[in-house]
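Structure record follows, encoded as structure tokens.
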Amino acid sequence: MSGILTSALAGVLEPVSLLLIVFGTSAGIVVGALPGLTATMAIALLVPFTFGMSPIHGLVLLGAIFSGAIYGGSFSAILINTPGTPSAIATTFDGYPMAQKGEAYRAIVTATLASVFGGLVGVGFLIFLSPPLARASLRFGPPEYFWLAMFGLTIIAAVSPRSTLKGLVGGGIGLLIATVGIAPIEGSVRYNFGTVSLQGGISLIPALIGFFCIPEVFRMVEESRQSGTVIPYKRQRRMVLRVFHALLRRPWLMIRSSLLGTLIGIIPGAGGNIAGLVSYNEAVRESKNKDRFGKGAMEGVAAAETANNASVAGALIPMLTLGVPGAPPAAVLFGALLLQGMRPGAELFTVHARITYAFLFSLILANVAMLPLGLLLGKAIARLMHKVRIQTMAPLIVFLSMIGSYSIYNNIADIYVMVATGLLAVMLRKAGFLPGPIVLGLILSPIAEQGLMQSILMGRARGSLFMVFFGRPISLILIALTLLSIVTPIIVQWRSRAETVHHGPVHHGPVPVVREGDAEGDDL
């Protein structure tokens with residue numbers, strides 16, 4: 001094992017990998033800082049271009065972009081009160097008031113140090129939790145994988161911010177889309193409408209590009225407005241050291257936020273926005289001076305940024321071990337793994353152990369790189385936020401979407417798939433259906449179908465379908481979790497309505513400027 005780790009570390013420390021980490025982190029920070037662009041969009045557009053790279057280089061680049069983009073959202077949250085990514089929603093609560101008071105640089109330094117700390121803690125959990133969880137996945141048979149897919153779908157529906165029912169329906173739509181093509185067990189051709197190019201099914205990467213990129217382009221064009229006025233700031237000497245000492249005096253705040261971010265990130269569909277909001281809420285609840293929050297409290301920025309960056313690694317834990325992405329960027333990374341011929345599970349830590357550990361080590365370097373890169377690029381990013389034009393970005397994104405979809409298999413049909421899924425996503429979003437549940441259904445459908453059909457065959461061979469589906473300990477645990485994930489949001493919504501009726505609506509802190517779709521657009 002030590003030989004594999006040494007080889008993986010050597011693969012990360014080679015010049016090309018280090019260059020890709022610096023480039024990916026810088027690009028991710030810029031993408032995250034520009035309202036209208038998201039981490040998911042950036043990764044989806046770049047996945048096809050990593051096909052010609054070695055697996056290590058491709059994953060290193062995508063992981064660095066993921067980490068950098070989640071942190072980059074704090075710049076626009078602090079300077080213009082508009083979250084660059086949904087994960088930065090909670091950062092606006094105190095980040096923008098700090099900027100208004102002339103403490104913009106202090107807020108940015110706080111967000112940077114907190115992001116680095118949270119990201120490193122999350123990666124630590126990812127490195128130590130993933131191998132045992134992957135080994136545990138060896139105990140999963142077809143029934144367990146079927147119930148795992150059902151649990152994943154109900155979890156995403158449960159955290160769907162608009163409607164649990166619409167979340168479930170969205171997951172069902174994804175399941176239906178995945179049935180196009182040849183059935184995995186009996187081999188019959190389904191729903192190809194007489195088109196030979198659809199016999200192999202819907203290509204995953206073009207579909208992901210369509211679902212996550214095209215609706216964002218439509219939204220950008222519809223809004224057709226520029227970002228708000230960027231609050232100027234100047235670098236201050238010794239500010240990094242002062243903020244570092246201030247955060248050291250609040251160790252429990254940082255540790256609690258990191259743990260919350262990692263744990264919430266593991267839950268499919270929760271994502272960085274929920275992690276940041278929960279962590280911010282806990283910071284307010286535990287504070288002895290609650291009135292400071294919402295008016296420029298450094299602790300609020302630290303709590304939100306620590307949690308949402310810790311959630312990056314948390315979202316990768318179920319993706320790498322069970323094949324269930326915890327967030328949309330992780331879903332696109334799932335597609336990148338499949339593109340490189342690697343399947344999530346125990347195989348990643350045995351057959352592909354060198355590549356996997358190189359990817360995990362690269363996340364450590366990417367989080368460390370955020371500290372100098374974020375502080376050095378801050379002024380340039382602020383100017384770019386002011387000058388960026390939607391009229392330039394929208395057609396460029398469409399062009400890259402088409403090139404990326406075509407370049408995977410050099411198949412013109414993949415462009416049609418990307419356009420069709422993109423237009424479908426636009427129409428569904430207008431009806432209140434988010435792309436996250438649909439994409440998760442698309443990814444989990446093969447797992448669910450294979451598990452279901454193989455379990456039925458096992459039940460027929462043993463003479464008892466009931467015992468195959470409901471007589472295995474792991475299956476019973478997954479069934480209980482599935483039922484809990486369905487019932488819990490119903491109870492929470494009922495209690496919330498009851499409290500609203502008795503006490504009226506309660507508002508906590510200022511309301512940030514959030515673009516339509518921000519709260520859900522970058523989370524499953």
* **Gyration tensor verdict on the range 186-281 (Cα atoms; rounded if a/c is under 1.5, prolate if a/b is larger than b/c, oblate otherwise)** => oblate
* For the range 34-86, go through all pairs of different Cα atoms, get the mean of 1/r, take its inverse, and jot down that Kirkwood value in Å. => 11.7
* **Label-to-label distance, nm, for residues given as residue 176 and residue 490 (7 Å Cα→Cβ offset)** => 2.3
* To do: Order by neighbour count: 208, 138, 384, 168, fewest other Cβ atoms within 10 Å first, most last.
  => 138, 384, 168, 208
* Asked: What percent does the relative contact order of the range 294-360 come to when contacts are Cα pairs within less than 8 Å and at least six residues apart?
  -> 20
* To do: Measure nothing but the geometry: give the 0 to 90° angle between the long axis through the Cα atoms of 239-248 and the longest principal axis through the Cα atoms of the chain, rounded to 10°.
  => 60
* Structure fact -> Here FRET efficiency (C-beta to C-beta, residue 6 to residue 384, R₀ 25 Å, nearest 0.05) is 0.05
* With each run of n ≥ 4 DSSP H residues scored as -39500 (n - 2.57), what mean residue ellipticity at 222 nm is computed for the chain after dividing by its residue count and rounding to the nearest 500 deg cm²/dmol? -> -24500 deg cm²/dmol
* To do: Work out Dmax and Rg for the chain from the C-alpha atoms and quote the Rg first, both in angstrom.
  => 22.4, 75
* Round to the nearest 10 and give me the degree value, 0 to 90, for the angle of helix 251-266's Cα axis relative to the longest principal axis of the chain. => 30
* To do: Could you run the Debye sum over the Cα atoms of the range 1-143, one equal point scatterer each and no solvent, and tell me log10 of I(q)/I(0) at q = 0.18, 0.19 Å⁻¹, two decimals?
  => -1.06, -1.12
* Structure fact -> Nearest 10, in degrees from 0 to 90: the angle of helix 104-136 to the longest Cα principal axis of the chain is 20
* Asked: Quick one, what does Rg over Rh come out to for the range 363-437 if you take C-alpha atoms and the Kirkwood Rh?
  -> 1.12
* Structure fact -> The extension gain from residue 249 to residue 497, computed as 0.36 nm times the residue separation minus the Cα-Cα distance, is 85.4 nm
* Structure fact -> Check: C-alpha center the range 118-193 vs C-alpha center the range 5-84, spacing in Å is 24
* What is the projected area of the convex hull of the Cα atoms of the range 80-217, averaged over all directions, in nm²? -> 12.8
* Cleavage-rule hits, GluC sites (Glu not before Pro), the range 169-270, DSSP coil, Cβ neighbours within 10 Å at most 14 -> 186
* Structure fact -> Too long for a 27 Å Cα-Cα cut-off, among 295/430; 101/387; 290/430; 387/430, are 295/430; 290/430; 387/430
* Average Cα contact separation per residue, the range 73-137, under 8 Å, 6 or more apart, as relative contact order % -> 22
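Since every read-out is calculated from the coordinates, none of them should be taken as a lab result. These numbers were taken from a predicted model, which means no experiment stands behind them. Cβ coordinates were reconstructed from backbone atoms using ideal geometry, including for glycine residues, and neighbour counts include every protein chain displayed.
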